[in-house]
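Read through the structure below, which is laid out as structure tokens, and then see the notes.
The values are calculated or read from the model by the stated rules, or taken from the named source; none is laboratory data. Everything quoted here is computed from the prediction, not taken from an experiment. Here the Cβ positions follow ideal geometry from the backbone for every residue, glycine too, while neighbour counts run over all protein chains shown.
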Amino acid sequence: MTIRALRDDYHGEFKDSLEKFGGAQLVYLGWDKHQMFCSSRAFPLPPEMRFQELLDNVMPEAFGQHPEFTQIDWNKAQWILDNSAFQPDHSKSLTELDIGHKSLLRLVTPELTGYKGAGI
Amino acid sequence: MTIEIKTSTMKPIRNTYAHIERRFGDKPATRYQEATYDVHSTHNFHYKPLWDQDRQINDPARTAVVMGDWYDLKDPRQFYYGPYVQNRSKMQENAENNFKFFEKRGLGESLNSSLREKIIELVIPMRHAEVAANLNNMYGTAHGTGTAVTQALIFEAMDRFGNAQYFSKIGLALDGNTGDSLATAKEHWMSNPAWQGVRAYCEKTLTIKDWFEAFIAQDIVLDTLINDLYYRQFDEWLTQNNGRDLLLLMEFMQDRAKDSQRWSDSVLKVVVTESEHNSNQVLAWISTWRIRAQEALEPLASALLGDKALADAFAVLEKRLTKVGLNC
Amino acid sequence: MSRVQIAFQDNDESRYIVAAIEQDNTTAVVHYEPAMIRVENEGSLIINRDTVSEQIGMEWDVQSLHINLITLTGHIDEDDDYFKIMWNN
Amino acid sequence: MSPKKLNLKDKYKLLTRDLDWEFSYEDRKEAFPYEEFEGIKITDWDKWEDPFRLTMESYWKYQAEKEKKLYAIYDAFAQNNGQTNVTDARYVNAIKLFLTGVSPGEHAAHLGFAFTGRQMGGIGARVAAQMQSIDELRHIQTQIHAMSHYNKFFDGFDEFNHMHDRLWYLSVPKSFFEDARTAGPFEFMIAIGFSFEYVLTNLLFVPFMSGAAYNGDMATVTFGFSAQSDEARHMTLGLEIIKFLLEQHEDNLPIVQKWLDKWLWRGYRLLTLVAMMMDYMLPQKVMSWQEAWELYFEDAAGALFKDLERYGIKMPDYTDTIKQEKEHLSHQAWWIFYQYTHAAAFHTWTPTAEEMDWLSEKYPDTFDKYYRPRWELAAEMEAKGERFYTTGLPQLCQTCQIPMAFTEMSDPTQVSYRESIYNDERFHFCSDPCKSIFDNEPEKYVNAWLPVHQILQGNCGGGGLDKVMEYYHLDDGVANLEFEGSPDAERWKEWKGVA
């Protein structure tokens, strides 16, 4: 829908476009049904980062505080990328996997039901 | 009996807000300081105004005048909301008593009819001109920078709306509350040649885009002249022409103008002494608007006071400008 | 009919106003809450100058209502001698 | 001849409405250039009904009286060390949130109403907006003065306006008011004058002030109720503006409806802060957020919308979602601040056992099931000396700018994720209404200053968290972190002679 502004050439600045992050891209990481973390979080990552590196280096920083973190079986972990089911090849980079700037990547672990089984 | 007050542990950990401390040092601050300084938001704006996409929502660039610190425009009266309304409340109480006295003694009826007509023709239409003053000052409130000046501008705006109402009340005091005098005065405002220059000037000021230019055109150029014509020269004229009773009804406007001039002088002075850029810009505006004011006021000043009056008013403007270092 | 409500600061001036409201609006319900008095009524509620003046024992100006008013709901009809709030449903 | 007695209405008409005139020397559109671009059609400003009829002289008179009373109480409060009379030092954190989060909004409203008070073509509406503008100036100033004394004895107040422009969660109220101010004059009036003032401020002010009264805070309750006495006038202006626009032209209806849908939601999201204040921050509770919502929104606003039905106005579709969320909102919000309190200018804490029982009683369907376990986890960690502060930075909603913490009402353990792609860029939202607000005006919202992204771009001091804290003027270990052990808590114990 076109915006109603005083002038027809009204345009906003894209304040968070890719080139503003100094070579990194933003990826949001969430862990479904683990609401110890009040929300998904934002991480600036190099686009060439391999998925395995993300698992090894970023995930502990993101979710390591959770008592169930050590119980995650990464081979069985399910993923949702930008609202669609996603099966990552761990050896590929974010770019190769179509994990784009400001993509939301959600970890799903149905066997782990959170603190006291309450989704926390 | 002794009362023991435990004060030893009750020492303040700081005297004032941090931004006030950065400006004035670590000591108790005045309420004016806390209410005024750095209140305007200055950083990290979210959206472009739909009506002004090239500027931020709070943007010092809405005037050509440039200040290193807009909070240098301190109000010498140190008005924040509380003292402002309390001061005006006292003034209005006085005005209310004056109006009551005027009505109770039937002073309106004792005016001779030519004087009454003169008031309706040449004074009451000021109620419309005051609306322009209200809007021009409100414009500065909305688009100016720094609460020091924007709050003073809204006080001025509300004052001027109050003036518009007092001029209207003079009309009602003369016409026995029928409103006939206001209707006649409006006709004068709309079509009497004496008023057309002023009306055109007022309408023109309302199209100004630069808020400080609006301040110059309204609060400095026009108001200095109007104040001298109405609150000094016409005051004297009334005294000499059996119109003393009417002075009661003009007192609020007269006192208020004096009070306001202390503030506007100070604003003008700080802005022009800030830089040559500012003083050149202000001078350019003044020269434009004084020519317009000359044309606008000539017929009105002559009708009200005679041919010499406007020159006298301009001499006052000259003096006021010279005092702040502006030599036109 | 929807309920209108009006609330005042709990102080001496308000007590006279509330007394006048109760006198002129027999179905009004008065709630005393921390530091505030809240009055509700079905449909509408009126405050009459004369009733308040009688309660206080001196001339009361309707607009001085603003001094102790906290909040209200409904459309307003205000004149020299009364202040009324109402819903049109 | 004795003068005719003028009634209030006639007098006000002569003293106000009659002051405007038809321009002949300039194009009126040059003087009021913003009246048309929003698509609103005004056919006759004379149809404006003045919502209240205060002349300037009455205004000065009554406002001066209010100010006199108010400042007398401030003086007494300071002279008597009133800060020691609050129920508990935890309470003070609620008013830190007020000064940093709400008060600057009063100033934004002051500027916004100055803009509409200059730009609307009808003098009746203009003057009403101008009076509201100067009232809002009153509110920011009386609030600064009320908190001035607390600032001398507690941390977290002293950098309030520096923080307002920078601190992450304060972008929620800041963006709300800037959204309104960057809109045209009529949208501003619907946004702040109607949706916020009329429909929502009762929820902001009345619980805050009753809370203050319950918790022994004389200064706040006094400014609050004194400010509310102005709000009563503002509310009538809000109601009049909406009636006026709807009566002027039928084409205004869809525009106004869209604004209502937008602004009631934005206002509701903003009130999340109030929800957590009521349920978690007041040591002595007044009523639950849910009860306040029912009393001040469902009941009062329900009657209002019933009245507006005749114009074709509908209650926004999402009010059902809100109805369900009222049992979740405060808990989800406090959980955000609990774990991010290391980057906040107020303290948080786990609710006590008694408080949790109160929450169970007030929220029988949700608290024990979804939220009590969170506090048990937090308490467990705290007992081990690992008070829970989360790492990293939250993903924010592009519209309301609150962390993406709200959940699906069909499954309250599942975060609600919404997204839009605009010009090949992905944007995220916490809810359907926040998404549709963006989708309606993407060119406006892409320009939002999202604190988390700004930090990651290096625009908030650059470098690591310590630089960001410097940028915020937030000294670690002073105004932030857990309440227990904070300098505030220690001073309080000292005053009260508790070891």
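Need the failing condition index for residue A:71 against (1) more than 7 Å from chain D (Cβ to nearest Cβ); (2) closer than 24 Å to residue D:421 by Cα, just the number.
Looking at each condition in turn, residue A:71 falls short on (2).
Please give the number of the condition residue D:440 fails out of (1) in contact (Cβ under 8 Å) with a residue 24 or more places away in the chain; (2) buried (at least 18 other Cβ atoms within 10 Å of the Cβ); (3) facing chain A (nearest Cβ under 7 Å).
(2)
For the range D:12-25, enumerate the residues that are surrounded by 16 or more Cβ atoms within 10 Å (Cβ to Cβ) and either at the interface with chain B (Cβ under 8 Å from one of its Cβ atoms) or part of a loop (DSSP other than H, G, I, E, B) (or both).
Selection gives D:14, D:15, D:16, D:18, D:19, D:20, D:21, D:23.
Counting only residues that are charged (D, E, K, R) and not in a helix (DSSP H, G or I), which one in the range D:361-396 is nearest to the other protein chains (Cβ to nearest Cβ)?
Top of the filtered list is D:386.
So that you can scan it fast, the table gives a plain yes or no per residue for (1) touching a Cys at 6+ places or on another chain (Cβ under 8 Å); (2) not in a loop (DSSP other than H, G, I, E, B):
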| site | (1), (2) |
| --- | --- |
| D:443 | no, yes |
| D:449 | no, no |
| D:458 | no, no |
| D:461 | no, no |
| D:468 | yes, yes |
| D:475 | no, no |
| D:479 | no, no |
| D:484 | no, no |
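Exactly one of these conditions fails for residue D:284: (1) at pLDDT 95 or above; (2) among the polar types (S, T, N, Q); (3) surrounded by fewer than 20 Cβ atoms within 10 Å (Cβ to Cβ). Give me its number.
Exception for residue D:284: condition (1).
Wholly within the range D:135-252, which helices (runs of 4 or more DSSP H) include no fewer than the required count, namely at least 1 residues that are within 14 Å of chain B (Cβ to nearest Cβ)?
In the range D:135-252, the matching helices (runs of 4 or more DSSP H) lie at D:160-164, D:171-182, D:185-188, D:218-248.
Can you find a residue that is part of a loop (DSSP other than H, G, I, E, B), surrounded by fewer than 20 Cβ atoms within 10 Å (Cβ to Cβ) and either among the small types (Gly, Ala, Ser) or without any contact (Cβ under 8 Å) to a residue 24 or more places away in the chain (or both) anywhere in the range B:107-117?
Yes: the range B:107-117 contains one or more residues that are part of a loop (DSSP other than H, G, I, E, B), surrounded by fewer than 20 Cβ atoms within 10 Å (Cβ to Cβ) and either among the small types (Gly, Ala, Ser) or without any contact (Cβ under 8 Å) to a residue 24 or more places away in the chain (or both).
Only residues that are more than 9 Å from every other protein chain (Cβ to nearest Cβ) and either in a loop (DSSP other than H, G, I, E, B) or of a type in the set (Phe, Trp, Tyr) (or both): list them for the range D:26-35, please.
Correct list: D:35 only.
Which residues, counting only those in the range D:414-431, are of a type in the set (Asp, Glu), part of a strand (DSSP E or B) and either over 18 Å from residue D:402 (Cβ atoms) or more than 8 Å from chain A (Cβ to nearest Cβ) (or both)?
Passing the criteria: only D:425.
Out of (1) in contact (Cβ under 8 Å) with a residue 12 or more places away in the chain; (2) under 19 Å from residue B:229 (Cβ atoms), the odd one out for residue B:306 is which?
Going through the list (1) in contact (Cβ under 8 Å) with a residue 12 or more places away in the chain; (2) under 19 Å from residue B:229 (Cβ atoms), residue B:306 breaks only (1).
Can you tell me how many residues in the range D:315-355 are hydroxyl-bearing (Ser, Thr, Tyr) and either part of a loop (DSSP other than H, G, I, E, B) or farther than 27 Å from residue D:159 by Cα (or both)?
The total comes to 5.
Please state which of the following conditions residue D:341 fails to meet, knowing it meets all the rest: (1) out of contact with any His (no Cβ under 7 Å at 6 or more places or on another chain); (2) closer than 19 Å to residue D:469 by Cβ.
It fails just one condition, (1).
Could you check, for the range B:12-28, whether at least one of its residues is loosely packed, with under 15 Cβ neighbours inside 10 Å, within 7 Å of another protein chain (Cβ to nearest Cβ) and aliphatic (A, V, I, L, M)?
Yes, the range B:12-28 contains at least one residue that is loosely packed, with under 15 Cβ neighbours inside 10 Å, within 7 Å of another protein chain (Cβ to nearest Cβ) and aliphatic (A, V, I, L, M).
Restricting to the range C:1-41, name every residue that is more than 22 Å from residue D:210 (Cα to Cα) and in contact with a Ser or Thr (Cβ under 6 Å, 6 or more places away or on another chain).
Across the range C:1-41, the qualifying residues are C:20, C:23, C:24.
Among (1) within 11 Å of chain D (Cβ to nearest Cβ); (2) surrounded by fewer than 24 Cβ atoms within 10 Å (Cβ to Cβ); (3) modelled with pLDDT of 95 or more, which single condition is residue B:120 missing?
(1)
Just checking, how many residues over the range D:447-461 are more than 7 Å from chain A (Cβ to nearest Cβ), closer than 10 Å to residue B:44 by Cβ and hydrophobic (A, V, I, L, M, F, W, C)?
Here the count works out to 1.
What's the total number of residues in the range D:46-62 that are at the interface with another protein chain (Cβ under 7 Å from one of its Cβ atoms) and touching a residue at least 12 places away in the same chain (Cβ under 8 Å)?
Here the count works out to 5.
Testing residue A:119 on (1) more than 27 Å from residue D:446 (Cβ to Cβ); (2) more than 7 Å from every other protein chain (Cβ to nearest Cβ); (3) crowded, with 19+ Cβ neighbours inside 10 Å, one condition comes back false. Which one is that?
Result: residue A:119 fails condition (2) only.
Which number in (1) part of a helix (DSSP H, G or I); (2) more than 24 Å from residue B:45 (Cβ to Cβ); (3) out of contact with any strand residue (DSSP E or B) (no Cβ under 9 Å at 6 or more places or on another chain) marks the one condition that residue D:121 misses?
With respect to (1) part of a helix (DSSP H, G or I); (2) more than 24 Å from residue B:45 (Cβ to Cβ); (3) out of contact with any strand residue (DSSP E or B) (no Cβ under 9 Å at 6 or more places or on another chain), residue D:121 is out only on (1).
Give the number of residues within the range B:156-180 that are in a helix (DSSP H, G or I) and within 19 Å of residue B:246 (Cβ to Cβ).
The number of residues fulfilling the criteria is 15.
Could you say which residue among B:88, B:105 is among the charged types (D, E, K, R) and more than 11 Å from chain D (Cβ to nearest Cβ)?
B:105
I want to confirm something. Restricting to the range A:79-101 and keeping residues that are within 12 Å of chain D (Cβ to nearest Cβ) and under 22 Å from residue A:35 (Cβ atoms), which single residue is farthest from the chain's Cα centre (by Cα)?
A:83
Looking for something within 24 Å of residue B:107 (Cα to Cα) and either touching a residue at least 60 places away in the same chain (Cβ under 8 Å) or of a type outside the set (D, E, K, R) (or both) - is there at least one such residue anywhere in the range B:274-290?
Taking every residue of the range B:274-290 in turn, none turns out to be within 24 Å of residue B:107 (Cα to Cα) and either touching a residue at least 60 places away in the same chain (Cβ under 8 Å) or of a type outside the set (D, E, K, R) (or both).
Which is assigned to a loop (DSSP other than H, G, I, E, B), surrounded by 15 or more Cβ atoms within 10 Å (Cβ to Cβ) and out of contact with any Leu (no Cβ under 9 Å at 6 or more places or on another chain), of A:97, A:112?
A:112 is the lone residue from the list that is assigned to a loop (DSSP other than H, G, I, E, B), surrounded by 15 or more Cβ atoms within 10 Å (Cβ to Cβ) and out of contact with any Leu (no Cβ under 9 Å at 6 or more places or on another chain).
Does residue D:358 qualify as being crowded, with 18+ Cβ neighbours inside 10 Å, in contact (Cβ under 8 Å) with a residue 12 or more places away in the chain and in a helix (DSSP H, G or I)?
The answer is no for residue D:358.
Inspect all residues belonging to the range A:21-35 and state whether any of them is within 7 Å of chain D (Cβ to nearest Cβ), among the polar types (S, T, N, Q) and out of contact with any helix residue (DSSP H, G or I) (no Cβ under 9 Å at 6 or more places or on another chain).
No: the range A:21-35 contains no residue that is within 7 Å of chain D (Cβ to nearest Cβ), among the polar types (S, T, N, Q) and out of contact with any helix residue (DSSP H, G or I) (no Cβ under 9 Å at 6 or more places or on another chain).
Residues are listed down the side, and each one gets a yes or a no for (1) within 12 Å of chain D (Cβ to nearest Cβ); (2) under 20 Å from residue D:214 (Cα atoms):
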position: C:7; (1), (2): yes, yes
position: C:16; (1), (2): no, no
position: C:19; (1), (2): no, no
position: C:26; (1), (2): no, no
position: C:42; (1), (2): yes, no
position: C:68; (1), (2): yes, yes
position: C:71; (1), (2): yes, yes
